[in-house]
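The values are calculated or read from the model by the stated rules, or taken from the named source; none is laboratory data. All values derive from a computational prediction rather than experimental measurement. Reconstructed Cβ throughout: ideal geometry from the backbone, glycine too, with neighbour counts over all protein chains shown. Surface areas here come from the heavy atoms of the whole protein model, side chains and all, with no ligands, DNA or RNA. Shrake-Rupley method; radii C 1.70, N 1.55, O 1.52, S 1.80 Å.
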Amino acid sequence: MVYADVIVDISHEKLDRSFQYLVPEELEEEIRVGMVAAVPFGQGNRERKGYIIGISGEPKYDREKMKSLLRLCSGEETTEAKLVALAAWMKERYGSTMVQALKTVLPVREKVAPREKRRLYLNVDREQAEALAENLESGRCRARARLVRALLEESPLDYTKASRELGTTANVLKPLLEQGAVRLEQDEVYRTPLDGAGIPREKAALLSPAQREALEEIQKEWNNPSPRPVLLHGITGSGKTQVYMKLISQVMEAGRQVIVLIPEIALTYQTVRRFYGWFGDKVSVLNSRMSQGERYDQFRRAKKGEIQIIVGPRSALFTPFSRLGLIIVDEEHERTYKSETSPRYQAGETAVRRAQAEGAYVVFGSATPSLEAYTKAVKGEYALVKLEERYQDRPLPEVSVVDMRAELRTGNRSILSRELQNAIKKRLEHGEQTMLFLNRRGYAGFVSCRSCGQVLKCPHCDVSLSEHSNGRMICHYCGYERPAVKTCPSCGSPYIGGFKAGTQQIEQVLRKVFPEAGILRMDYDTTRTKGSYEQILSSFAAHRADILVGTQMIVKGHDFPDVTLVGVIAADLSLNAADFRCGERTFQLLTQAVGRSGRGKKRGEAVIQTYHPEHYSIQAAAEQDYERFYQEEMGYRSLLDYPPAAYMLTVLASGGDEELLEKGIDFIRKFAERIGSGGRLHMIGPASPPVGKVNDVYRRVLYLKHEDIGTLIKIKNKIEEYVEINSGFRKLYIQYDLE
């Protein structure tokens, strides 16, 4: 026998449980997860529609009391049904409950009251209206008379204006409506976060020969019977966006819809302006800074087919388009495409899965592709298309790497090197702009020597040790500990410790050194409010500031033609993170930063300040040499079985009882060891993550590495079953992260 788990009418029911139904024998071959089914529901067995979220051969309840499916609504494969099937895949792939997966793919569940625009019309001829106004005035009904006089001058009249300026209330209006002198009409108005009034329309730009060649390669792949996802590897400033535009036009001409994913809300401002300039009101935007009403309205517009392009960060992937034709993942290498809550899905992988189910294309774009994406391209899973020259033959910036150890030896203890100070001064004299960025967020824990550049690393995991307030240095992969040091174990220098500066301190230094300069700062503190991103970026674009200081958000995808200098304050902050990807992130970040300079007619310059000028990721970034970086980094990944050389499953456990947590994660480790024996399973931990306790909740992590992803998924499923049937885990929260 076959049994189906059904969630009944998602749009109205709470997503807290499913119901199991018996599948009639004649439907067993046809039934699939995601299909719409008619089922008997409730005491009266009223027919309702539901979504199949699971199929199994085991009954969860007494079979005698179980109801049967009535039929499959095969002609009613709705957008929601497709998203439910995607949620089922995410649950299996990444590990979560079905409820968590459904809440992710159906993010706007509660209906929001519509916004309506009401207008008042004069419903009689002018002569009758004049007579009515005189009668009302003589009868001292002054408020009604004012309204009739106003309608004689302006009909229709906005209801809000009438209420505010004329004092029109419901009691004033009611008699006029009842006698037919005035007519009230109301229309629903969508809440839209995008004001296109000030955005000039653009004509389609002419593609360069290199761009045309790239476009033709992608179109050739799309003409294959089973087109692969395309990785568009284009150097910074090569014009990937213009290629996107042509591809979008092609898909829209075929009557299909497009999702454009961007890694951060900070990129929305310029990206949306460019897309709106080309495609007009067919474009809309989705992001977490929007109100619930705005998000709800954009989803409704998408579902009705009133918009054809949606631009937004990770969650925009689940826009309910019914004729999805293309998903573009811009800056695909960014880690913000990875969810930090269950299910911990990777947007790129999930985009490929959704596209396969809906017959859509996928294009990934980046100047610095993730090792995972590039490895798939090398293996032939993705089609690789390259753009190896800048648009209009503009040269790449001149890059200089400044050794901050030498600066210290010559007596300069400032955050700014002499070379960077001179470069900024030169830009100010020529009326050009500068961007300075600090990769500060989340990387303050490592310890390094400012004299020789030595960083204290774990002897077992090749990641930096993190300094804790208890005087210990800890590896957050395997748990290795050692006492904190006062002098450098390599050269004996006392200049050893963590990096203390932030964007605010850099801004203060700049104001002191360059008092005449206009300075803007863009970081978490200055972008908390709605519209703050747009305000800062538009001010800088309008040249109302000479220098923009910020964190990573300022060097991702922005295009400011007057910026001819980019300064990296401390490349080592990302280079020495307690993360096996720190070399990759440093290369990507520096390459992207360098690429912000010289995007206009003038050649750009970049200054990279570092205590490790000889490091391969910094050297490769300075030379803009992705292939060199990829080969060297993959060598290290292969030695240590880190992705993409192998797959890695992270088990994250948390709970309020530290002793119970330690015992629980140790049981999971032993269980995984037992079920994974006989294979090439490599385990690290359990250990404390970088932040081991939040709000009195303790955390522990366990890493499992294997060359076969299917093996790790099976181990994850077995651990989920093990945790489910053992009551000791009920006070612990277990999450999974597969990469």
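For the reader, a short list of remarks on this structure follows.
- A straight Cα-to-Cα reach below 19 Å connects LYS174 with the lysines LYS117, LYS161, residues fewer than 8 places away in its own chain not being considered.
- Matching label, Cα extents along the principal axes in Å computed from the structure shown, candidates (i) 179, 66, 50; (ii) 87, 67, 61; (iii) 98, 80, 55: (iii)
- Kirkwood radius for segment 325-367, taken over all pairs of different Cα atoms as the inverse mean of 1/r, rounds to 10.8 Å.
- Within segment 306-441, the ratio Rg/Rh, alpha carbon atoms throughout and Rh by Kirkwood, equals 1.11.
- Karplus-derived 3J(HN,Hα) values for segment 68-73, using 6.51 cos²θ - 1.76 cosθ + 1.60 with θ = phi - 60°, are 9, 4, 7, 5, 9, 8 Hz; glycine and proline are entered as x.
- Separation between Cα centres of segment 298-315 and segment 603-671, rounded to whole Å: 35 Å
- Separation in nanometres of the label points that stand 7 Å from Cα toward Cβ, at LYS693 and ARG323: 5.8 nm
- Residues ASP696, ASP523, ASP158, ordered by accessible area of protein heavy atoms at a 1.4 angstrom probe radius and largest first, appear as ASP696, ASP158, ASP523.
- Net dipole in debye of the chain [+1 Lys, Arg Cβ; -1 Asp, Glu Cβ; about Cα centre; nearest 20]: 1360 debye
- Rolling a 1.4 angstrom probe over the protein heavy atoms with all chains in place gives the chain an accessible area of 46 Å² per residue.
- Between the amide H of PHE364 and those of VAL230, LEU231, LEU232, VAL329, distances stay under 5 Å, these residues lying 5 or more places away or on another chain, with hydrogens modeled in the peptide plane.
- In this Cβ point-charge picture (+1 for Lys and Arg, -1 for Asp and Glu), segment 617-667 has a dipole of about 200 debye about its Cα centre.
- Cβ-defined net charge surrounding MET252, 12 Å radius [Lys, Arg +1; Asp, Glu -1]: +3
- Placing +1 on the Cβ of every Lys and Arg and -1 on the Cβ of every Asp and Glu, with no other charges, gives segment 567-610 a dipole of roughly 420 debye about its Cα centre.
- Annotation: amide H-H contacts under 5 Å for HIS333 (H modelled 1.01 Å from N, sequence separation of 5 or more, or interchain): SER370.
- CYS73/GLU306 FRET efficiency (R0 30 Å; Cβ-Cβ; nearest 0.05): 0.75
- Positive-end extreme of charge dipole, segment 560-629 - chosen from CYS582, GLY595, VAL607 (charges on Cβ): GLY595
- Apportionment of accessible area to carbon and sulfur, the chain, percent (1.4 Å): 46 percent
- Taking θ as phi - 60° and the Karplus parameters 6.51, -1.76 and 1.60, the scalar couplings of segment 707-720 work out to 6, 10, 5, x, 5, 5, 5, 5, 4, 4, 4, 5, 5, 4 Hz in sequence order, x denoting glycine and proline.
- Cβ-based charge dipole, the chain, positive-most Cα from ILE310, GLN631, LEU132: LEU132
- Under 12 Å, Cβ to Cβ, from TYR382 - net charge with Lys/Arg +1 and Asp/Glu -1: -2
- Placing GLU29, GLU334 in order of accessible area, with the largest value first and a 1.4 Å probe, yields GLU29, GLU334.
- Amide hydrogen neighbours beyond the local backbone of ASP579, cut-off 5 Å, H modeled: SER464
- Residues ARG144, ARG603, sorted by accessible area with the largest first, give ARG603, ARG144 [1.4 Å probe; ligands and nucleic acids excluded].
- Within a straight-line Cα-Cα reach of under 18 Å, LYS303 can be paired with the following lysines, leaving aside sequence neighbours fewer than 8 residues apart in one chain: LYS82, LYS103, LYS111, LYS282.
- Relative contact order [Cα under 8 Å, 6+ residues apart], the chain, whole percent: 11 percent
- Given charges at Cβ of Lys, Arg, Asp, Glu: the chain dipole, positive-most of VAL691, ASN223, LEU428: LEU428
- Taking the DSSP beta bridges with both ends in the chain, the antiparallel portion is around 55 percent.
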